[in-house]
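The structure under discussion appears below in the form of structure tokens.
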Amino acid sequence: MATSWLLRLGAKSREPAIIIGELKFTYGHCFIVFCGLFVLSTTLFMLLRADADQRKIKSAAIRHILMKSETDILLAKDRLEKGDARAASDLGDGAQQLRSLQQTGLLKLTEPWTDMDLKYNPGKFFEAHRLLARHAPNLGPGFWIRFTVHYNLFAGSVLAVGNEQQVKQLEEIQQKGFLGCFGLTEKLAGVNSGGVVNTIAEWDDQTQEFVITSPEVGAQKNWISQGLVGELAVVVADLRVAGKRCGAHAFLMELRDAKGPVPNVEFGDMGRKTVGNDLDNAWIAFHGARVPRHTLLSRYGDVQPGNGGTYVSKVKGLTNMAMIGQRLFSGRVAVAWAALTFTRKLFEMTRAYSDHKKCWIPKNSTLTEVPQLQHLYLRADETLKKLENFVGSCEKQLSDCLQKDEIPPMALQEAIASAKILASDETSIDLCFRLKQDVGSHALMGDTGFEQMDFLQACKFAEGDSRILMRLGCLPPPGGGSGGGWLKMAKLCVSHFLEKAFIGQEDVHTAHIPISFNYIYLHSDSLTWK
């Protein structure tokens, strides 16, 4: 109808017209069409712009607000410390958050060296881990893992085995907000990574470079937290000089620059996880990646060029790998604290719910008063207090060793391993699982903390799988000493039933393995909590 009206309008007009077949278009028609197209295009532009603005708002809500100033970080940190879980949305996505956070210098990696927190103020380092772990039930464990990988495993390894110039690089890394990762774990070695290193670093004397190679799929690094975004990595590889194997050594190498990944390094995503999907986990393969001589963290060992190259050990009796192990000790203490802190916070959150959840009988009672839940609350508080005291003692003694650049004595190594085992799978996993069973359908709800419980599973595997540590007989009871008689029993049990089975001797059947572990569990439970 509108079309016929326009044609009639044009027919009555005496203006010059454009005739196409039986259709006659005057300039008036053309003007009307132009106005219609203008209105339509303007409307579409406004709609698209509004949609773009809306998508930006949604993106900010999903990926969080990117912080640009130290003030923003400190304000957000203050809100987080006061318990505002929503403050996480003001902290930026995990990688950007960590870049900004380290630039504040809240944990110092810069000169003067006496102010470097990782070495001279490790208590501050451990407190930062506890603070972040306390919010894991609300926010998930992704940032806690990202944080400890950068500060403890990456920067801590440079501090432990790097020479003076390499340690000074940490200052520039902090100022620029670069992120680092720790390339130790390999696909084939799995939880035995560190004890088994198949990545190769071959010295090329002619170019004075190291050629880093993953000779097979099993040698590829995997579960490398921050591996898809980090600019730098400490990569552990089997050093070979002039055809001789020199053992596992660490290299501080660049993974990517402004243009993208460096040549001959391949990356892949490990895939979606049950928790912590704000954290990237990568597998990394090296295809003859060349790195300069100065990338070898050479505080305790170096390569002298000439005549094919010569490996030089700088400190008798100390190896790079032994000192890298220092970070595993501090990591085990941090993991123990994380598990205990997560558990205590989850119990607090659940208690806040059960204190107000009315029950139909007896009259005016609450869910907290149900006998089994009441007993669990009391048991958890008592157990957590004991372990917090024990882990605190381990932290204090380890801090002394870190400040003195000393390897912890064997008794302390065993105590730290015990703390990690008991705090994660032997206590936290058990208590949180029991709480989940006793609190009812509340545990099925989102934002209750229970959906983040697989963080404890990560604690079990991190910084030394609990079963591997038990295999080594590291189970001293909390409270003191080197473990007493039952530690010797545990070592004897592990040695007799497990050691041979793990190295493949045929005179011991794997059927003995669960018996021996049960034997350790029973004795540790009976003697630990006396």
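Cα centroids of the stretch 341-370 and the stretch 199-246: 52 Å apart. Label-to-label distance for PHE45 and GLU171 is 5.3 nm, based on points extended 7 Å past Cα in the beta-carbon direction. Our estimate of slack between SER365 and GLU266, defined as 0.36 nm per intervening residue step minus the Cα-Cα distance, is 29.6 nm.
The stretch 421-440 and the stretch 116-130 have Cα centres spaced 28 Å apart. Using the average count of surrounding beta-carbon atoms within 10 Å as a protection proxy, the listed peptides 158-167, 175-184, 231-240 rank, highest first, as 231-240, 175-184, 158-167. In this rough spin-label picture, where each label sits 7 Å from Cα along the Cβ direction, the ASP400-LYS244 distance is 3.9 nm. For the stretch 221-366, the carbon plus sulfur part of the accessible surface works out to 54%, probe radius 1.4 Å.
The values are calculated or read from the model by the stated rules, or taken from the named source; none is laboratory data. What you are looking at is a predicted structure, and each value in this text was computed from that prediction instead of being measured. Counting neighbours? That spans all protein chains shown, and the Cβs are built from the backbone with ideal geometry, glycine included. Only protein heavy atoms, including side chains, enter the accessible area calculation; ligands, DNA and RNA are left aside. Shrake-Rupley method; radii C 1.70, N 1.55, O 1.52, S 1.80 Å.
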